[in-house]
Amino acid sequence: MVSSENSPIEIPASILIIGSGVFGLSTAYSLCKNPLFKNTSITLVDRQPFPVPDGSSIDTSRIIRPDYASPPYTRLASAAQALWRTSFAPQHYHENGLCITASGPEQKYVTSSLTNVQSLGTCKLEVLNSEDDIKRVTGLENASGSTGYVNWSSGWADAEGAMRWFRSGIEKLNRVRFITGTVTKLLIDHSTSLVSGAQLSDSRTITADLTILAAGAWTPSLLDLRGIAKATGQILVYLPITRSENHKLSRNPTLLNLSTGLFLIPPSQNLLKVARHGHGYTNPTTIPHPESSDPNETITVSLPTTHIDDPSQSVPLEGQKACRAFLSHIQPSFSSPNRPFTKTRICWYTDTRTGDFLISYHPKYRGLFVATGGSGHAFKFLPVIGDKIVDCVLGNMPEDFKGKWEWPENSVPEEEWEGDGSRGGPVGMVLREEMAKGESKL
Ligand SMILES: Cc1cc2nc3c(=O)[nH]c(=O)nc-3n(C[C@H](O)[C@H](O)[C@H](O)COP(=O)(O)OP(=O)(O)OC[C@H]3O[C@@H](n4cnc5c(N)ncnc54)[C@H](O)[C@@H]3O)c2cc1C
């Protein structure tokens with residue numbers, strides 16, 4: 001028994017973590033390190049072998065930035081960045097800088113973010129008052145966005161490389177039992193409101209005193225999160241470039257235009273990635289109610305569909321055109337039709353109404369804790385988020401995140417979600433409808 005702010009917490013003898021992405025893996029690591037859990041057995045289950053090919057945490061790159069409009073995230077990202085620079089997979093971290101621009105209402109986010117990183121007092125910053133300034137710092141032929149700033153102290157990480165590094169470190173600790181299997185439902189005893197583990201699709205069950213649900217964008221398939229969290233599909237396209245183009249661009253900062261959501265990350269291995277940090281596509285899907293014992297009761301929620309479900313899946317034409325237009329504008333030489341994208345991908349955010357993570361015990365079910373709601377910005381926290389999650393498991397919500405990470409008191413219709421003000425581009429797109437508009441060839 002340890003005591004938290006509110007009540008004593010019984011240390012569980014067994015913990016099951018569902019999901020081996022940023023939230024699940026970092027939780028496993030922090031549990032292994034924490035002496036309070038030295039006698040706890042830890043099991044981590046994922047539906048795919050590692051590295052999960054369609055997991056949100058696995059990709060060529062992720063931006064590592066303290067550039068947030070919200071001071072708590074600026075502070076936490078800055079703490080994470082200190083580790084990226086030194087002891088956390090430093091070979092996978094590159095400090096090229098981040099140029100954030102806008103040309104509309106999103107300038108508000110840019111201005112708040114600038115104020116926050118200025119207050120850190122450690123970032124090398126340059127305010128960009130014109131398109132010429134943007135062009136100069138990005139090293140591109142044309143600007144995207146009209147004003148902004150560059151933070152030369154921001155960077156990016158090879159996401160898959162860092163996740164592999166982290167996972168192999170955890171494996172060496174020999175504390176976590178890794179299982180490949182798809183959870184079909186949580187084991188809920190409705191008479192006692194107790195969750196005692198999970199049922200797998202091959203009819204195995206894994207029982208545990210505490211289940212930590214960290215299934216990313218799939219979490220709403222295992223728990224009713226209507227009005228709280230939903231999956232939104234975001235687009236990525238990859239363009240092969242020559243070695244000399246790679247050499248030139250690899251020293252540029254990342255360019256992120258918050259008004260369109262489009263961004264260009266420095267290339268690696270002769271591959272250039274363009275993506276959109278946008279409102280995304282929803283994918284409404286009707287499934288059996290995950291918390292009901294009546295198999296006929298259904299709910300409709302937005303859930304991921306990926307290239308694992310459909311190997312021919314590619315980004316809808318609308319998205320490919322947006323990426324192509326962005327590239328044609330900033331670097332016309334990349335726009336030639338005989339330079340096709342060789343790969344596209346839809347990657348899934350777990351969006352919440354405010355862009356805050358959801359790190360909390362379930363309000364109704366004992367034995368169930370939820371760690372999700374990455375909202376398109378959790379990767380950078382990989383070195384630190386597990387410790388924060390374990391603090392919350394122990395009942396100690398970090399002061400900075402009180403009012404942000406707890407279970408919301410009520411659900412809010414999705415059309416009323418405010419977000420965090422960082423998203424640009426089209427609103428309200430449904431994946432199925434966009435796919436139906438045309439062949440999405442590469
Ligand atoms: C396109 C894109 C760009 C991004 N860019 C950035 C960025 O630049 N900087 C940044 O900081 N963040 C970025 N993010 C956000 C960041 O990558 C995510 O917030 C983070 O990776 C989410 O981690 P997760 O653990 O919630 O999800 P995931 O990594 O998806 O992990 C969830 C895991 O649960 C497993 N799972 C799901 N259902 C089941 C089941 N039923 N049974 C068993 N296992 C299951 C899945 O297989 C998966 O491995 C980006 C995200 C995307 C999609």
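The values are calculated or read from the model by the stated rules, or taken from the named source; none is laboratory data. Values in this document were obtained by computation on a predicted structure and should not be read as measured data. We place every Cβ from the backbone using ideal geometry, glycine too, and count neighbours over all the protein chains shown. These area figures cover heavy atoms from the full protein model, side chains too; ligands, DNA and RNA do not enter into them. Shrake-Rupley method; radii C 1.70, N 1.55, O 1.52, S 1.80 Å.
For the range 170-328, what are the per-bin percents of Cα-Cα distances with bins 5 Å wide, up to the bin holding the maximum?
2, 7, 12, 14, 14, 12, 11, 11, 9, 5, 2, 1, 0, 0
So in the chain, what percent of DSSP beta bridges are antiparallel if you round to the nearest 5?
Of those bridges, close to 70 percent are antiparallel.
Show me the ranking of peptides 417-428, 42-53, 382-393, 212-223 by mean Cβ neighbours inside 10 Å, starting with the highest.
Ranking, from highest mean packing down: 212-223, 382-393, 42-53, 417-428.
Rg and Dmax of the chain, Cα atoms, in Å?
21.4, 66
Can you tell me the 0 to 90 degree angle between the C-alpha axis of helix 107-120 and the longest principal axis of the chain, rounded to 10?
Taking the Cα atoms of the chain, the angle to 107-120 is about 70 degrees.
What is the set of long-range amide H partners of PHE50 at a cut-off below 5 Å, with H atoms built 1.01 Å from backbone N?
Excluding prolines and chain starts, which carry no amide H, there are no hits.
Any idea what the alpha-carbon Rg over 2.2 N^0.38 Å comes to for the range 58-200?
Values: Rg = 20.7 Å, N = 143, 2.2 N^0.38 = 14.5 Å.
Here the answer is 1.43, to two decimals.
Relative to the longest principal axis of the C-alpha atoms of the chain, give the angle of the C-alpha long axis of helix 71-86, reported between 0 and 90° and rounded to the nearest 10°.
Roughly 80 degrees, rounded to the nearest 10.
Residue-wise, which Karplus ³J(HN,Hα) couplings in Hz belong to the range 48-64, taking 6.51 cos²θ - 1.76 cosθ + 1.60, θ = phi - 60°, and x for glycine or proline?
10, x, 7, x, 5, x, 10, x, 5, 8, 10, 6, 5, 7, 9, 6, 10
Tilt of helix 159-173 relative to the longest C-alpha principal axis of the chain, in degrees (0 to 90, nearest 10)?
Once rounded, the angle reads 30 degrees.
Students often get this wrong, so check it: of LYS185/LYS402; LYS135/LYS273; LYS172/LYS404, which have C-alpha atoms separated by over 23 Å?
LYS185/LYS402; LYS172/LYS404
Report the percentage of all Cα-Cα pairs in the range 260-352 whose separation exceeds 24 Å, rounded to a whole percent.
Beyond 24 Å sits 37 percent of the P(r) for the range 260-352.
Calculate how large, on average over all directions, the projected area of the Cα convex hull of the range 109-180 is; give the answer in nm² to one decimal.
Values: hull surface 33.1 nm².
Quarter of the Cα hull surface area: 8.3 nm².
What residues have an amide H closer than 5 Å to that of THR184, excluding those fewer than 5 places away on the same chain, when H is modeled at 1.01 Å from N in the peptide plane?
For THR184, whose amide H was placed from the backbone, the distant partners under 5 Å are GLN199, LEU200, SER201.
If you roll a 1.4 angstrom probe over the protein chains with everything in place, what fraction of the accessible area of the chain belongs to carbon and sulfur, to the nearest %? Don't skip to the answer; put the middle values down first.
Working: 9230 of 18020 Å².
With neighbouring chains kept in place, the figure for the chain is 51 percent.
Within the P(r) computed for the range 270-425, what percentage of the Cα pairs occupies the region above 21 Å?
Tail of P(r) above 21 Å: 61 percent of Cα pairs.
Could you report the chain's accessible area per residue, 1.4 Å probe, as an integer in Å²?
Result: 41 Å² per residue.
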